[in-house]
């Protein structure tokens with residue numbers, strides 16, 4: 001008999017800020033998620049700023065690096081992950097109304113300026129957004145990551 005382990009992964013697509021990456025790694029450590037980095041997202045060994053903001057949580061979190069988000073998605077699918085993008089689109093579902101995830105999941109988080117790449121959005125199983133009640137229409141990627149990891153990791 002094979003014991004199945006539920007995977008919880010955040011995929012960071014071309015995130016520029018090392019401080020945001022470190023913040024997400026620290027949150028992933030607290031909530032037991034893996035962190036996969038794609039494109040030009042800095043790895044802890046490439047930037048001391050990642051480690052500074054992660055407070056060395058990178059030593060306790062499963063980290064992987066991929067050249068492209070396509071490669072990360074393909075690997076997540078091999079692990080039977082449901083792949084979602086954290087993004088506002090016309091067909092996106094409200095995170096608050098999402099059912100608890102009972103399967104392995106990979107959440108793609110975005111570049112702070114352009115969001116999730118359009119080509120990536122075409123490859124995900126679902127797009128999910130955080131409902132906003134104030135004047136701003138978005139949060140910092142670190143805050144978004146924390147909300148998604150908390151809500152989907154229950």
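The values are calculated or read from the model by the stated rules, or taken from the named source; none is laboratory data. Being a predicted model, the structure only gives us computed values, none of them experimental. Cβ placement follows ideal geometry from the backbone for every residue including glycine, while neighbour counts extend to all protein chains displayed.
Taking region 37-56, which residues are under 28 Å from residue 125 (Cβ atoms) and in contact (Cβ under 8 Å) with a residue 24 or more places away in the chain?
Result: 37, 38, 39, 40, 41, 42.
Could you list, in sequence order, all residues of region 66-112 that are surrounded by fewer than 18 Cβ atoms within 10 Å (Cβ to Cβ) and closer than 14 Å to residue 41 by Cβ?
67, 68, 71, 112
Within region 18-63, can you find the residues that are out of contact with any helix residue (DSSP H, G or I) (no Cβ under 8 Å at 6 or more places or on another chain) and within 16 Å of residue 109 (Cα to Cα)?
40
State yes or no: is residue 5 closer than 25 Å to residue 117 by Cα and surrounded by fewer than 15 Cβ atoms within 10 Å (Cβ to Cβ)? Even if it seems obvious, please write down each step before you answer.
Values: closer than 25 Å to residue 117 by Cα: no; surrounded by fewer than 15 Cβ atoms within 10 Å (Cβ to Cβ): yes.
When the stated conditions are applied, residue 5 does not pass them.
Would you say residue 15 is under 13 Å from residue 108 (Cα atoms), at pLDDT 95 or above and outside any loop (DSSP other than H, G, I, E, B)?
Here the answer is no, as residue 15 does not meet what is asked.
Assess whether residue 46 counts as being under 25 Å from residue 117 (Cα atoms), surrounded by fewer than 19 Cβ atoms within 10 Å (Cβ to Cβ) and over 16 Å from the mean Cα position of the chain (by Cα).
yes
If you take the residues of region 8-30 that are touching a strand residue (DSSP E or B) at 6+ places or on another chain (Cβ under 8 Å) and over 22 Å from residue 121 (Cα atoms), which of them is surrounded by the fewest Cβ atoms within 10 Å (Cβ to Cβ)?
Once the filter is applied, the top-ranked residue is 28.
Testing residue 135 on (1) more than 19 Å from residue 31 (Cα to Cα); (2) touching a helix residue (DSSP H, G or I) at 6+ places or on another chain (Cβ under 6 Å), one condition comes back false. Which one is that?
The one condition residue 135 does not meet is (2).
With respect to residue 88, determine if the residue is under 14 Å from the mean Cα position of the chain (by Cα) and either closer than 22 Å to residue 27 by Cβ or in contact (Cβ under 8 Å) with a residue 40 or more places away in the chain (or both).
no
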